Amino acid sequence: MWRIWRRVGSLSPLFSSPKSSILRQDLIQAPYRLNFLGILSTENGTPATIGFFSKEKTPFIAFVLGGPGSGKGTQCAKIAEAFGFTHLSAGDLLRKEISSNSENGAMILATITEGKIVPSGVTIKLIRREMESIENNKFLIDGFPRSEENRIAFERITGVEPNIVLFFDCPEDEMVKRVLGRKQGRVDDNIDTIKKRLKVFAALNLPVINHYTRRGKVYKINAVGTIDEVFEKVRQVFDDCKMIK
Ligand SMILES: Nc1ncnc2c1ncn2[C@@H]1O[C@H](COP(=O)(O)OP(=O)(O)OP(=O)(O)O)[C@@H](O)[C@H]1O
Ligand SMILES: O=c1ccn([C@@H]2O[C@H](COP(=O)(O)O)[C@@H](O)[C@H]2O)c(=O)[nH]1
Ligand SMILES: [Mg+2]
């Protein structure tokens with residue numbers, strides 16, 4: 001399952017121009033290369049094995065991004081229910097690792113408390129484990145990738161890009177108000193950590209959103225309004241998305 005060959009050429013326009021093929025090539029470990037059809041092959045031309053989805057089982061992936069408290073988790077729960085997606089919150093997976101006393105638990109707790117970003121390998125392993133164990137082909141990945149480094153690692157390891165990216169755009173004062181009102185006992189729901197998370201969001205997460213905006217994949221949703229009002233805007237995106245089976 002882990003190293004099965006798959007065609008990535010049809011995923012997106014990234015592969016259609018020679019210039020962008022070079023960019024994509026940079027993400028793929030030697031000795032693999034993209035041929036002109038966007039098919040992964042080894043240097044002697046035989047089909048390569050990379051990524052963890054077979055051609056038949058390539059899932060529909062929506063990355064769900066936005067600042068702390070912008071409403072990602074709230075809206076993902078509603079999308080999952082209305083459109084049959086599996087909701088994977090990277091933050092929830094990391095918090096589960098802390099409570100299960102895993103070998104990385106202490107490091108993850110310290111990182112979350114500081115509002116910093118857990119190393120890509122750790123987070124991707126957790127996401128991968130969930131995606132492989134769940135019989136669904138539609139995933140919402142909430143709160144990941146957090147940085148360009150996260151994004152590049154995910155694309156290299158899985159061999160896929162998200163089909164779409166939802167970006168919940170919310171003013172900082174509203175995000176702070178929502179996080180402080182959440183009262184779920186999270187170690188990072190305090191004003192000091194929120195300030196750090198907002199800085200990390202602007203410095204490291206916005207470049208990911210900018211990247212996918214250039215790739216034509218971002219749906220920017222104004223996150224101000226009631227939960228139901230925001231969901232009506234989200235529903236429109238999924239109703240109109242012809243790629244979702
Ligand atoms: N549109 C909204 N209006 C008012 N409150 C909201 C709205 N959406 C979510 N909330 C509330 O704001 C808080 C934060 O929402 P949520 O947990 O969904 O945000 P998040 O983007 O997942 O945050 P984080 O990145 O910190 O996990 C919750 O208490 C939630 O009930
Ligand atoms: O991909 C990720 C996702 C999350 N983190 C860390 O967890 C907290 C909380 O994440 P939420 O999405 O807000 O639940 C975040 O501030 C990071 O410290 C991460 O490192 N990588
Ligand atoms: Mg959340």
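The values are calculated or read from the model by the stated rules, or taken from the named source; none is laboratory data. Only a predicted model underlies this, so the values are computations on that prediction, with no experimental measurement involved. Ideal geometry is used to build each Cβ from the backbone, glycine not excepted, and the neighbour counts take in all protein chains shown.
Of all residues being touching a helix residue (DSSP H, G or I) at 6+ places or on another chain (Cβ under 7 Å) and in contact (Cβ under 8 Å) with a residue 24 or more places away in the chain in the stretch 176-197, which is nearest to ligand 1 (Cβ to nearest atom)? Just the residue, please.
Here the residue is Val179.
How many residues does the stretch 205-221 hold that are out of contact with any strand residue (DSSP E or B) (no Cβ under 6 Å at 6 or more places or on another chain), surrounded by fewer than 18 Cβ atoms within 10 Å (Cβ to Cβ) and not small (Gly, Ala, Ser)?
Total meeting the criteria: 7.
Please count how many residues of the stretch 65-95 are among the β-branched types (Val, Ile, Thr) and more than 9 Å from ligand 3 (Cβ to nearest atom).
The number of residues fulfilling the criteria is 2.
Is there any pair with a first residue in the stretch 212-224 that is within 13 Å of Val237 (Cα to Cα) and a second that is among the charged types (D, E, K, R) whose Cβ atoms are under 6 Å apart and which are 6 or more apart or on different chains, and what are they?
Lys220/Asp169; Ile221/Lys233; Asn222/Asp169
Quick one: Leu140 ticks every box in (1) in contact with a Cys (Cβ under 8 Å, 6 or more places away or on another chain); (2) of a type in the set (A, V, I, L, M); (3) modelled with pLDDT under 95 bar one, so which box is it?
Among (1) in contact with a Cys (Cβ under 8 Å, 6 or more places away or on another chain); (2) of a type in the set (A, V, I, L, M); (3) modelled with pLDDT under 95, the lone unmet condition for Leu140 is (3).
For the stretch 57-70, check the following and say yes or no: at least one residue is modelled with pLDDT under 95, surrounded by 18 or more Cβ atoms within 10 Å (Cβ to Cβ) and hydrophobic (A, V, I, L, M, F, W, C).
No, there is no match, as no residue in the stretch 57-70 is modelled with pLDDT under 95, surrounded by 18 or more Cβ atoms within 10 Å (Cβ to Cβ) and hydrophobic (A, V, I, L, M, F, W, C).
Scan the stretch 128-143 for residues that are assigned to a helix (DSSP H, G or I), out of contact with any helix residue (DSSP H, G or I) (no Cβ under 8 Å at 6 or more places or on another chain) and either buried (at least 18 other Cβ atoms within 10 Å of the Cβ) or charged (D, E, K, R) (or both) and report the count. Working first, answer last.
Step one: list which residues in the stretch 128-143 are assigned to a helix (DSSP H, G or I), which gives 128-133.
Checking the rest, the ones that are also out of contact with any helix residue (DSSP H, G or I) (no Cβ under 8 Å at 6 or more places or on another chain) come to 129, 131-133.
Okay, now just the ones that are also either buried (at least 18 other Cβ atoms within 10 Å of the Cβ) or charged (D, E, K, R) (or both), so 129, 131-132.
The number of residues fulfilling the criteria is 3.
Hey, could you check the stretch 198-224 for residues that are of a type in the set (Gly, Ala, Ser) and closer than 26 Å to Ala110 by Cα and say which is farthest from ligand 1 (Cβ to nearest atom)?
Step one: filter the stretch 198-224 for residues of a type in the set (Gly, Ala, Ser), giving 202-203, 216, 223.
Keeping just the survivors that are closer than 26 Å to Ala110 by Cα gives 202-203.
Values: Ala202: 14, Ala203: 16 Å.
Taking the candidates together, the pick is Ala203.
Could you figure out which of (1) loosely packed, with under 12 Cβ neighbours inside 10 Å; (2) more than 16 Å from ligand 3 (Cβ to nearest atom) isn't true of Gly181?
Gly181 satisfies every listed condition except (2).
Pairs please, first residue from the stretch 143-157 and at positive phi, second anywhere and in a helix (DSSP H, G or I), Cβ atoms under 7 Å, 6+ apart in sequence or on different chains.
Gly143/Lys72; Gly143/Ala90; Gly143/Gly91
Kindly check whether there is at least one residue in the stretch 153-163 that is within 16 Å of ligand 3 (Cβ to nearest atom) and within 23 Å of His87 (Cβ to Cβ).
No; the residues of the stretch 153-163 include none that is within 16 Å of ligand 3 (Cβ to nearest atom) and within 23 Å of His87 (Cβ to Cβ).
Is it the case that Ala110 is free of Cβ contacts under 8 Å to residues at least 40 places away in the same chain, closer than 26 Å to Ile194 by Cβ and more than 13 Å from ligand 2 (Cβ to nearest atom)?
no
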